[in-house]
Amino acid sequence: MTAWLFGLFSSGWISGVAITVLWTVTGIVAMRSANPRPVLASLAPNAVSGSALLAAFGLAIREAHVLWLACLLTVALVAFLVDLRIRLAGQASGLSRRTD
């Protein structure tokens, strides 16, 4: 009964399923907002980061070459930093240091 689930995990295809779910939820959230494009633009770096991490996980299960894993982890890190910059841009005035 759980053989298909074991196969899904051991083959690494679970990451493909998770990436599909991630982008589907991201698209649904964006489409349900009043302005879908800006919402999708603000959610995309986070989704790209998560996708790269999930893809690295799937390839690691398949014992892929380390270079592929390093590339995907680099993409995840850069996307995370872009997401962080977008999130902190609105708080820039509160993050500045006051020396009076």
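Quick notes on this one:
- Table column - 3J(HN,Hα) (Hz), segment 78-83, Karplus curve with 6.51, -1.76, 1.60, x for Gly and Pro: 5, 5, 5, 5, 5, 4
- Cα lying deepest toward the dipole's positive end in the chain, options V21, N35, L81, charges on Cβ: N35
- Expressed in Å, the radius of gyration and Dmax of the Cα atoms of the chain are 17.7, 68.
- Exposure proxy for V48, V25, V82: other Cβ atoms within 10 Å of each Cβ, ordered fewest to most, give V25, V82, V48.
- Rounded to the nearest 20 debye, dipole of the chain from Cβ charges on Lys, Arg, Asp, Glu: 300
Every read-out reported here was derived from the displayed coordinates using simple, explicitly stated rules and does not represent laboratory data. If you're wondering where the values come from, they're calculated on a predicted model, not measured in any experiment. Here the Cβ is made from the backbone with ideal geometry for all residues, glycine too, and neighbour counts use every protein chain on show.
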